[in-house]
Amino acid sequence: MHSNPSVEWWRPAAYAKAETRPATRDRSSVTGNPFSFWTLMVFTFFMILAPQTLFPALESLHLPLLTAAIAITAFLWDAVTHRGTLGVATREIGVAAALAAWAVATIPLSYDPGNSLGAFLNYYSKALVIFWLVANVVDSAKKFRQAFLLLTLMAIPLAITGVQNYLSGVYLAGSDMQRIQGYDAPLTGNPNDLALMLNIVLPLSVALLMTTRNLAARIVLPIGILVSAVAIIVTFSRGGFITLVSLLLLYLWRFRRRRGRLWIWGLIPFLLVCIPLIGPTYLERLSTISNMEADKTGSAQERWSDMVAAATFIEKHPLVGAGLGQSALATREERGPDGGLVHNVYLQYAAELGLPGLLLFLILFIQCLKSTASVQRRARQKNDRHLFYIGEAVQLSLIAFAISAMFHPVAYHIHFYYIAGFAVAARKI
């Protein structure tokens, strides 16, 4: 460690000194069977890029479910036969289990128990299983780098599609304003979801850029990051823009004394030039963030009314909410038939699972953040640059979700739980 706290350990002199140490043994040689990891990556490919939507013949195969089942079976077989355990038991997994148990316990009290049960079985239970699987099978720094690389490569066609849709005028049908269509996949079908996915993956791409020595990667990664930033902008997603700017400010602060800070600063003039080129419509869209009445489409006013209605409902039903997946019923109870789905993860948890549900989610989120901070502390102590950037990338992805969560109804979807699984896995290695 350095006596001067203003000199970070990862700067050139410190890193050169650390390089003289014997290389740390990669734990991939003593970790689990790689088959379950690669099957998880195939599952991720089917979820994000969804080739089954391009080739309808693949739909009947239910490839995401099939690959997830194979990954789980492979991991359990390896874990039981070689380790005598069903996986890691951490605080995060314990809190997630408690949250799931509370969600199940409230189903009989739901406004629509049948739909709540369907919501749990159709997507929430799957997100929890993937959270547990990621936490267990990503069990080495090498697998983290491979996972980050694959997610980055998957994000590139998402971003390119978004930019192409903007340049070609491929807009959402029936929209009151010209907004691009997203990428044709379950997680990115509309522009807001596309912006959310790209913002979550961006920190993983930056971590790769900061740690790779491959010349081709040093060329491709900055291009991919810039294209993703442009795609986020052209989605016209207010939440996406706020999240992107927040990430940029966080990187400016964290890189103020590190190598690589020049390209971070270079993003500022890039964004300043890019935004006006899109035209006055985009600036008008951004102005509705602070002045909702200026939104001619009425979407900002509608979402605010739904959030106010959800808050009123929570005040009346603090312990048990409307039930899993029933926030729209909660808002309709307060504001009539105009009520809709709450576009805010925190209000969604509280309106559907009551304040206990929200509290458990916040505990889970904070515990994941603490795990990533712990990883970064240990990386400094060990002069492990790669591990440090793994911890930082997962932490910033969590923060990106936390900001985006104020604008999206994705409380029980895979976005958070996949990154949360990374947080558990990072601390484990």
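What the table shows:
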| item | result |
| --- | --- |
| Residue in the stretch 103-110 that is farther than 25 Å from GLY182 by Cβ and outside the structural domain of GLY321 (by TED's automatic domain parsing) present | no |
| Single unsatisfied condition, PHE365 versus (1) touching a Phe, Trp or Tyr at 6+ places or on another chain (Cβ under 9 Å); (2) within 25 Å of VAL245 (Cβ to Cβ); (3) at pLDDT below 95; (4) not charged (D, E, K, R) | (3) |
| Scan of the stretch 39-49 for residues that are closer than 21 Å to GLY182 by Cα and either free of Cβ contacts under 8 Å to residues at least 12 places away in the same chain or buried (at least 20 other Cβ atoms within 10 Å of the Cβ) (or both), ordered by number | PHE43, THR44, PHE46, MET47, ILE48, LEU49 |
| Residue in the stretch 183-192 that is free of Cβ contacts under 8 Å to residues at least 60 places away in the same chain, closer than 25 Å to ALA405 by Cβ and in a helix (DSSP H, G or I) present | yes |
| Residues being loosely packed, with under 14 Cβ neighbours inside 10 Å and not in a helix (DSSP H, G or I) - total across the stretch 50-74 | 2 |
| Helices (runs of 4 or more DSSP H) contained in the stretch 75-157 and holding at least 2 residues over 16 Å from the mean Cα position of the chain (by Cα), of a type outside the set (Asp, Glu) and farther than 29 Å from ALA195 by Cβ | 91-105, 113-119 |
| From the options ALA379, ALA330, ALA425, ALA420, residue that is surrounded by 24 or more Cβ atoms within 10 Å (Cβ to Cβ) and either under 22 Å from PHE241 (Cα atoms) or over 19 Å from the mean Cα position of the chain (by Cα) (or both) | ALA330 |
| Unique residue being of a type outside the set (Ser, Thr, Tyr) and at pLDDT 90 or above when the list is PRO108, PRO22 | PRO108 |
| In the stretch 50-64, residue nearest to LYS126 (Cα to Cα) [restricted to those that are of a type in the set (A, V, I, L, M, F, W, C) and free of Cβ contacts under 8 Å to residues at least 24 places away in the same chain] | LEU63 |
| Residue within the stretch 164-171 that is surrounded by 18 or more Cβ atoms within 10 Å (Cβ to Cβ), assigned to a helix (DSSP H, G or I) and not aromatic (Phe, Trp, Tyr) present | yes |
| Condition check for SER168: out of contact with any helix residue (DSSP H, G or I) (no Cβ under 9 Å at 6 or more places or on another chain), outside the structural domain of LEU54 (by TED's automatic domain parsing) and hydroxyl-bearing (Ser, Thr, Tyr) | yes |
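The values are calculated or read from the model by the stated rules, or taken from the named source; none is laboratory data. The shown structure was predicted, so the numbers you read here are calculated from the model rather than taken from an experiment. No Cβ is skipped: glycine too gets one built from the backbone with ideal geometry, and neighbour counts run over all protein chains shown.
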